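Engineer: Just passing along the structure, written as structure tokens.
What follows is calculated from the coordinates using simple rules that are stated; it is not laboratory data. Since this is a predicted model, take the numbers as computed values, not measurements. Cβ: placed from backbone, ideal geometry, glycine included. Neighbour counts: every protein chain shown.
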Amino acid sequence: MRIVHTAAAAALLALLGTNAPASAASRSAEPPAAQSAGAASLTGPLNWGPCADTAADSRQQCATLAVPLDHADPNGPQLGLAVSRIASARPELRRGSLLIVPGGPGNPGLNGPTSAVRRLPQSVLDRYDLVGFDPRGVGRSSPVDCRLAHEDLSMTTLLPFPAPDGSLTGNLAAARRIADTCTRNGGPVLRSISTRNEARDMDRIRQALGERRISAWGVSYGTYAGAVYATMFPDRTDRIVLDSNDDPDPRRVERGWLAAYATGAEDRFPDFAAWASDPATPDHRLAGTPQQVRELFLRLAARLDTAPLPWPGANPARLDGNALRAAMLDALYDDARFPRLARLMLAADGRAELPPAATPPDAAMQNTVAVSVATLCNDVRWPRSAGSYARAVAADRLAHPLTAGMPVNVMPCAFWSGEPAEPPTEVTPDGPSNILMVQNLRDPATPYAGALRLRAALGGRAELVSVDSGGHDAYVAHGNSCGDRLVTRFLVDGRRPERDTLCPAER
């Protein structure tokens with residue numbers, strides 16, 4: 001899914017995330033132990049106390065909840081799940097708890113209430129306790145770490161762009177190396193990570209909060225986790241908001257999300273190209289027309305493929321074509337990131353100095369990468385044939401030159417040890433009609449086509465608010481008053497539009 005962003009760091013570590021990576025994780029591969037998030041309560045009701053993170057809002061409280069490592073063995077080994085809350089501003093109006101389901105997979109969510117309380121309208125804050133959590137393996141929830149080498153934390157390794165000639169040799173070697181390293185070092189928590197287990201953990205949070213039914217706001221990957229929860233536990237849901245939606249195709253799941261970057265980038269790049277050719281942005285104007293901006297991007301990426309620029313502080317320390325492509329994907333998440341991509345392109349074209357690299361420290365990346373890879377590989381089986389990836393990449397490079405074959409390339413899951421413990425969830429229309437989806441039309445990470453597939457899978461359970469906007473995240477994110485108003489009305493009064501609705505663009 002995303003409140004704090006880094007430069008391409010989670011643009012796809014996590015398929016669908018751009019949150020800052022979680023804090024450095026434990027490097028232990030021993031069996032899981034409860035991790036403190038402040039005051040700890042491992043049995044019974046949550047024992048709320050101050051949060052250890054000084055960046056948290058002073059109203060935010062934290063606790064630790066014990067959940068089974070294996071939900072099929074509820075009395076077996078437990079792990080500690082870090083949970084937080086900010087209580088409703090007006091208890092007399094309180095409806096219940098709004099669980100904020102983080103994106104990623106691999107993004108932390110413990111400070112979700114702190115971020116949300118700054119953005120949500122007062123009418124929502126009056127009616128809900130805002131509840132956040134770090135999913136299992138993330139941040140303060142029994143964190144996992146594969147102990148990957150520095151070069152394997154590079155965005156041009158994690159984003160599997162092929163070599164300039166289309167070769168996959170380096171991608172195959174990196175995917176095998178990462179899979180082997182995570183298998184060796186990840187430990188039992190990493191092996192337990194999956195979306196279905198996250199849904200089960202969410203239901204344990206509901207129980208610990210004392211709620212018969214719970215409301216939720218899932219963003220990006222959190223929409224899939226939210227849809228899986230609503231499918232597995234339909235009668236335990238109250239009001240569910242799914243924001244920036246993933247295609248739930250049970251045959252592909254994360255494989256399909258990665259592939260969708262090809263169409264997502266094509267949907268969104270015209271917004272950047274229009275901005276970068278607008279005379280009103282003279283400091284960042286790249287060309288005279290949007291088509292010329294696109295042609296310049298492709299030409300610069302091809303030039304950097306063969307003649308990269310030194311880029312101190314980057315991993316690796318060069319701006320090559322794939323680093324520019326990764327930066328492009330990151331920039332498309334939000335208009336506020338357009339200037340950085342424009343500066344990179346101006347520098348690559350010899351018209352400006354290269355801006356400093358914004359590379360997260362390795363310690364911060366380790367946890368995010370481990371959880372992301374574990375979720376991708378534990379949720380669904382991936383193809384094992386190198387030839388199938390080579391054929392897909394060759395076709396995709398021709399069809400979608402902006403992303404150069406990356407979205408269908410090989411991932412560590414092709415070499416993952418073992419099979420998924422259970423099949424992916426098939427999202428169905430069975431359950432109460434209490435879901436409101438909200439979706440930007442030009443989302444680079446969770447394209448509109450995928451949202452329509454989730455809408456079809458949910459059937460009569462959902463209505464869809466489409467927003468004529470670009471970028472990732474929709475509700476209280478890009479300033480569309482129509483979309484924000486409809487989601488707020490649903491959370492406050494339970495009223496949805498009578499039919500799927502399009503909110504026009506606003507300037």
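Engineer: Taking 0.36 nm per residue of separation and subtracting the Cα-Cα distance, what length does fully extending residue 335 through residue 395 add?
Structural biologist: 18.6 nm
Engineer: FRET efficiency for residue 73 and residue 507, Cβ-Cβ distance as r, R0 = 60 Å, nearest 0.05?
Structural biologist: Given R0 = 60 Å and the Cβ-Cβ separation, E is 0.60.
Engineer: Of all DSSP beta bridges located in the chain, what percent are antiparallel, nearest 5?
Structural biologist: DSSP beta bridges in the chain are roughly 40 percent antiparallel.
Engineer: As an exercise, use a Förster radius of 22 Å and the Cβ-Cβ distance of residue 430 and residue 213 to find the FRET efficiency, rounded to the nearest 0.05.
Structural biologist: Taking R0 as 22 Å, the efficiency between residue 430 and residue 213 is 0.85.
Engineer: May I ask you to evaluate 6.51 cos²θ - 1.76 cosθ + 1.60, the Karplus curve with θ = phi - 60°, for each residue of the stretch 346-361 and list the ³J(HN,Hα) values in order in whole Hz, giving x for glycine and proline?
Structural biologist: Karplus values, whole Hz, x for Gly and Pro: 4, 5, 5, 8, x, 9, 7, 6, 6, x, x, 6, 10, 10, x, x.
Engineer: Please tell me the relative contact order of the stretch 130-240 in percent, rounded to the nearest whole number, where contacts are Cα pairs under 8 Å and at least six residues apart.
Structural biologist: Computed value for the stretch 130-240: 23 percent relative contact order.
Engineer: Quick one: net charge around residue 281, please, counting Lys, Arg +1 and Asp, Glu -1 for every other residue with C-beta under 15 Å from its C-beta.
Structural biologist: +2
Engineer: What is the gain in length, in nm to one decimal, between residue 169 and residue 151 on full extension, counting 0.36 nm per residue of separation less the C-alpha to C-alpha distance?
Structural biologist: 4.9 nm
Engineer: Using θ = phi - 60° and the Karplus form 6.51 cos²θ - 1.76 cosθ + 1.60, what ³J(HN,Hα) does each residue of the stretch 376-386 get, whole Hz, x for Gly and Pro?
Structural biologist: For the stretch 376-386, the Karplus curve yields 4, 8, 8, 7, 8, 6, 10, x, 9, 8, 4 Hz.
Engineer: A further question follows. Counting only other residues whose beta carbon sits under 12 Å from that of residue 91, what net charge do I get with K and R as +1, D and E as -1?
Structural biologist: Once all neighbours under 12 Å are counted, the net charge is +1.
Engineer: Let me ask something else about it. Can you list the equivalent-ellipsoid semi-axes of the chain, largest first and in whole Å, using the square root of 5 times each Cα gyration tensor eigenvalue?
Structural biologist: For the chain, the ellipsoid semi-axes come out as 35, 27, 21 Å.
Engineer: Using only the Cα atoms of the stretch 241-374, what are the Rg and Dmax in Å?
Structural biologist: 16.5, 47
Engineer: How compact is the stretch 228-318 by the rule of thumb for globular proteins, expressed as Cα Rg over 2.2 N^0.38 Å?
Structural biologist: 1.66
Engineer: Right, something else. Convert each backbone phi in the stretch 232-244 into a coupling constant with the Karplus relation 6.51 cos²θ - 1.76 cosθ + 1.60 (shift: θ = phi - 60°), then list the ³J(HN,Hα) values in order as whole Hz, x for Gly and Pro.
Structural biologist: 6, 9, x, 7, 9, 9, 10, 10, 10, 10, 10, 10, 6
Engineer: If I model a spin label at residue 176 and residue 499 as a point 7 Å from the Cα along the Cα→Cβ vector, what separation in nanometres do I get?
Structural biologist: The modelled label-to-label distance comes out at 5.6 nm.
Engineer: Between residue 59 and residue 289, what FRET efficiency follows from the Cβ-Cβ distance if R0 is 41 Å, with the result rounded to 0.05?
Structural biologist: 0.25
Engineer: Just to check, using Stokes-Einstein with a Kirkwood Rh over alpha carbon pairs, what's the diffusion coefficient of the stretch 163-320 at 37 °C and 0.692 mPa s in µm²/s?
Structural biologist: My calculation gives 163 µm²/s for D.
Engineer: Assuming 0.36 nm per residue, please report the length gained on full extension of the stretch residue 235 to residue 489 beyond their Cα-Cα distance.
Structural biologist: Additional length available on full extension: 89.2 nm.
Engineer: Considering the Cα trace of the stretch 445-507, what is its radius of gyration and what is Dmax, both in angstroms?
Structural biologist: Over the stretch 445-507's Cα set, Rg and Dmax evaluate to 11.7, 33 Å.
Engineer: Please arrange 481, 84 by how many other C-beta atoms lie within 10 Å of their C-beta, fewest to most.
Structural biologist: Placing the least packed residue first, the sequence is 481, 84.
Engineer: Okay, moving on. Considering only the other residues whose Cβ falls under 12 Å of the Cβ of residue 491, what net charge follows from Lys and Arg at +1 and Asp and Glu at -1?
Structural biologist: Net charge around residue 491: +2.
Engineer: Give the order of 136, 127 when sorted by the count of other beta carbons within 10 angstrom, beginning with the fewest.
Structural biologist: So the ranking, lowest neighbour count to highest, is 127, 136.
Engineer: For the stretch 68-125, how big is the tail of P(r) above 19 Å, as a whole percent of Cα pairs?
Structural biologist: When every Cα pair of the stretch 68-125 is considered, 48 percent fall beyond 19 Å.
Engineer: At 222 nm, what helix-only mean residue ellipticity would the chain give, in deg cm²/dmol to the nearest 500, using -39500 (n - 2.57) for each DSSP H run of four or more?
Structural biologist: -11000 deg cm²/dmol, from helical runs alone.
Engineer: Sequence-distant or interchain residues sharing an amide H contact under 5 Å with residue 467, placed H: which?
Structural biologist: Placed amide hydrogens put 439, 440, 441, 503 under 5 Å from residue 467.
Engineer: Would you mind calculating the relative contact order of the stretch 321-361 from Cα pairs under 8 angstrom and at least 6 residues apart, reporting the percent as a whole number?
Structural biologist: 23
Engineer: In what order do 400, 71 fall by count of nearby beta-carbon atoms within 10 Å, going from fewest to most?
Structural biologist: Sorted ascending by nearby Cβ count, the order is 71, 400.
Engineer: Quick one: compute the contact order of the stretch 184-275, relative version, from alpha carbon pairs under 8 angstrom and 6+ residues apart, as a percent.
Structural biologist: This gives 23 percent for the stretch 184-275.
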